[in-house]
Amino acid sequence: MLVPAAGSPARGIPGGFGWDGGTGTTWRSDTERDVTGILFTQRAMTSPEAPREFVDFWSCVYGAIEG
């Protein structure tokens, strides 16, 4: 389970709570904006940084609800 620390930069991934799986999955539930997103890929993570696919996915999710 992931819960970002208060004041920490999200680096392209939204707040709320969720999980980034090393086998290519990401999930977040943002209770403030009432949105949940889940992405399944077949791409294993190769570093502790969020893969570009995760960042793009979350940018699209938040772009859709804010725009």
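A short reminder: the numbers here are calculations on the coordinates, not readings from a lab. Since the model is a prediction, treat every value here as computed from it, not as a measurement. Cβ coordinates were reconstructed from backbone atoms using ideal geometry, including for glycine residues, and neighbour counts include every protein chain displayed.
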Normalised radius of gyration for region 23-67, please: alpha carbon Rg relative to 2.2 N^0.38 Å, two decimal places.
1.20
HN-Hα J couplings of region 47-64 from phi, Karplus 6.51/-1.76/1.60, θ = phi - 60°, integer Hz, Gly and Pro as x?
7, x, 6, 5, x, 3, 4, 5, 4, 4, 4, 5, 4, 5, 4, 6, x, 5
Give the long-range amide H neighbours of VAL35: residues separated by 5 or more places, or on another chain, with amide H under 5 Å away, using H modelled in the peptide plane at 1.01 Å from N.
ASP30
In Hz, Karplus ³J(HN,Hα) per residue of region 17-30 (6.51, -1.76, 1.60; θ = phi - 60°; x = Gly, Pro)
9, x, 7, 10, x, x, 9, x, 10, 9, 9, 9, 10, 9
Can you tally the net charge around VAL35? Count Lys and Arg as +1, Asp and Glu as -1, for every other residue whose Cβ sits under 14 Å from the Cβ of VAL35.
-2
